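S.K.: Before I ask anything, let me first share the structure, which is written out below as structure tokens.
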Amino acid sequence: MRKLLNRLLIRFGLLLTKAPALLSDHSLETSDLFPAELTERVKVTAAIDPPDNELFRIFSADTNVHKWHHYFDIYTRYFERYRDRPITMLEIGVFRGGSLRMWKEYFHPDSTIVGIDIDQSCQAHEIADQNVFVRIGSQADPAFLAEVNGEFGPFDIILDDGSHKTHHQIISFGALFRPALRDGGCYMVEDVHTNYWIKHVDSPETFIDLSKQMIDMLHEPYFDRKETAFRHEHPDALKELELSYLSANLDGISFHDSIVVFDKKKQFLPKSELR
Ligand SMILES: C[S@@+](CC[C@H](N)C(=O)[O-])C[C@H]1O[C@@H](n2cnc3c(N)ncnc32)[C@H](O)[C@@H]1O
């Protein structure tokens, strides 16, 4: 009943966001096309072993850093490949500085780690002589983000662990992905479970909603076209195509529990070949 009411409110524009439909009754709406075996309720138990990776060991040796345990395997999976050379990383959200120190120890020693935070007291966590910098400002302020990019960017990795408000996640991604993330770089947004918590949802669409739209953008070249438009040496094969910047520069999107990862790489026209 509540679900129906929410749907009606959304339909007539009386609800600011679609999220309450999910939040109010704690249930997921799933397609009837899922076989029952996949939607059947099964038990999930508490983890017994801590993550077994180097980053978790670095995390465990320090204090003043707040991270969920299951993030460490995900970080390792996406960040490991950046460890063999000096990189530049931007982390949104400094808090007590522990994560900046953790990244500094994990990545190549000549890497530059930049943290931004709205809280002035975070400035104390800068360690300039070790290339760990802190700048004070809001992740929802594109002019501030442009300044940070001008001073330190472009970045190899951008990690959003800031306010976790949906409109902030959207503004930061919008302001940073194009100018501030290098080709071959990785943009990670964590704690996106907050997109399902009403106090963090302050935009008509959540960051997760936009991320789902980006799955369609990945497939923009194929919209309303035949396979021959991409076939090697076929007379109908396209030579070029106009796409949105995102479609033309997104290599992939990965969804994990509470984390969305965007790999950036200049795209070329897809090509198929029949041999
Ligand atoms: C979850 S904590 C960061 C935790 C830290 N990265 C760690 O792993 O220990 C979130 C931080 O975001 C900051 N924050 C809140 N709103 C912000 C905004 N609009 N812009 C930038 N930082 C913000 C808070 O002051 C807080 O320090």
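S.K.: What number of residues in the stretch 197-215 are assigned to a helix (DSSP H, G or I), crowded, with 16+ Cβ neighbours inside 10 Å and touching a residue at least 60 places away in the same chain (Cβ under 8 Å)?
M.R.: Count: 1.
S.K.: So, in the stretch 146-162, exactly how many residues are within 13 Å of the ligand (Cβ to nearest atom) and assigned to a loop (DSSP other than H, G, I, E, B)?
M.R.: 2
S.K.: Any chance the stretch 97-109 includes a residue that's surrounded by fewer than 19 Cβ atoms within 10 Å (Cβ to Cβ), more than 15 Å from the ligand (Cβ to nearest atom) and more than 17 Å from A180 (Cα to Cα)?
M.R.: Taking every residue of the stretch 97-109 in turn, at least one turns out to be surrounded by fewer than 19 Cβ atoms within 10 Å (Cβ to Cβ), more than 15 Å from the ligand (Cβ to nearest atom) and more than 17 Å from A180 (Cα to Cα).
S.K.: Check off (1) touching a residue at least 12 places away in the same chain (Cβ under 8 Å); (2) over 20 Å from L176 (Cβ atoms); (3) not in a loop (DSSP other than H, G, I, E, B) for L241 and give me the number that stays unchecked.
M.R.: Every listed condition holds for L241 apart from (3).
S.K.: Pairs only if they're at least six apart or on different chains, beta carbon under 7 angstrom, first in the stretch 53-71 and under 20 Å from I259 (Cβ atoms), second near the ligand (Cβ under 10 Å from one of its atoms) and part of a loop (DSSP other than H, G, I, E, B); list them, first residue then second.
M.R.: Listed by first residue and then by second, the contacts come to F59/V65; F59/K67; H66/F95.
S.K.: Quick one: in the stretch 60-83, of everything that is charged (D, E, K, R) and either at pLDDT below 95 or assigned to a helix (DSSP H, G or I) (or both), which residue is surrounded by the most Cβ atoms within 10 Å (Cβ to Cβ)? Spell out the reasoning first.
M.R.: Filtering the stretch 60-83 for residues charged (D, E, K, R) gives 62, 67, 73, 77, 80-81, 83.
Filter once more, keeping what is either at pLDDT below 95 or assigned to a helix (DSSP H, G or I) (or both): 62, 67, 73, 77, 80-81.
Details: D62: 13, K67: 17, D73: 14, R77: 13, E80: 13, R81: 10.
The selected residue is K67.
S.K.: Take A248 and tell me if it is within 16 Å of the ligand (Cβ to nearest atom), within 28 Å of A143 (Cα to Cα) and either modelled with pLDDT of 95 or more or surrounded by fewer than 13 Cβ atoms within 10 Å (Cβ to Cβ) (or both).
M.R.: Details: within 16 Å of the ligand (Cβ to nearest atom): no; within 28 Å of A143 (Cα to Cα): yes; either modelled with pLDDT of 95 or more or surrounded by fewer than 13 Cβ atoms within 10 Å (Cβ to Cβ) (or both): yes.
Judged against the criteria, A248 is not a match.
S.K.: Give the number of residues within the stretch 60-77 that are more than 16 Å from the ligand (Cβ to nearest atom) and among the aromatic types (F, W, Y).
M.R.: Adding up the residues that qualify gives 0.
S.K.: Of all residues being farther than 25 Å from I170 by Cα and touching a Phe, Trp or Tyr at 6+ places or on another chain (Cβ under 9 Å) in the stretch 117-145, which is nearest to the ligand (Cβ to nearest atom)? Just the residue, please.
M.R.: Once the filter is applied, the top-ranked residue is H125.
S.K.: Another one. Is it true that D49 is away from the ligand (no atom under 14 Å from the Cβ), within 19 Å of I157 (Cα to Cα) and either free of Cβ contacts under 8 Å to residues at least 40 places away in the same chain or part of a loop (DSSP other than H, G, I, E, B) (or both)? Full working, then the answer.
M.R.: On the way: away from the ligand (no atom under 14 Å from the Cβ): yes; within 19 Å of I157 (Cα to Cα): no; either free of Cβ contacts under 8 Å to residues at least 40 places away in the same chain or part of a loop (DSSP other than H, G, I, E, B) (or both): yes.
It is false that D49 is away from the ligand (no atom under 14 Å from the Cβ), within 19 Å of I157 (Cα to Cα) and either free of Cβ contacts under 8 Å to residues at least 40 places away in the same chain or part of a loop (DSSP other than H, G, I, E, B) (or both).
S.K.: Testing R57 on (1) more than 26 Å from P142 (Cα to Cα); (2) part of a helix (DSSP H, G or I); (3) within 13 Å of the ligand (Cβ to nearest atom), one condition comes back false. Which one is that?
M.R.: (3)
S.K.: If I filter the stretch 163-187 down to residues being outside any helix (DSSP H, G or I) and within 12 Å of the ligand (Cβ to nearest atom), which single residue comes out as farthest from W68 (Cα to Cα)?
M.R.: K165
S.K.: Continuing with this model, one more query. Looking at H234, is it surrounded by fewer than 18 Cβ atoms within 10 Å (Cβ to Cβ) and more than 12 Å from the chain's Cα centre (by Cα)? Give the steps one after another, and end with the answer.
M.R.: Numbers: surrounded by fewer than 18 Cβ atoms within 10 Å (Cβ to Cβ): yes; more than 12 Å from the chain's Cα centre (by Cα): yes.
Taking the combined requirement at face value, the residue satisfies it.
S.K.: I've got another one for you. Out of everything in the stretch 84-96 that is more than 8 Å from the ligand (Cβ to nearest atom) and surrounded by 14 or more Cβ atoms within 10 Å (Cβ to Cβ), what residue ends up being farthest from F144 (Cα to Cα)?
M.R.: So the first thing to find is which residues in the stretch 84-96 are more than 8 Å from the ligand (Cβ to nearest atom), and the list is 84-90.
Within this subset, residues satisfying the condition of being surrounded by 14 or more Cβ atoms within 10 Å (Cβ to Cβ) are 87-90.
Values: I87: 22, T88: 18, M89: 17, L90: 13 Å.
Ranking the candidates gives I87 first.
The values are calculated or read from the model by the stated rules, or taken from the named source; none is laboratory data. Just so we're clear, the structure is a prediction, and the values are computed from it rather than from any experiment. Quick reminder, even Gly has a Cβ in these numbers, built from the backbone with ideal geometry, and neighbours come from all protein chains shown.
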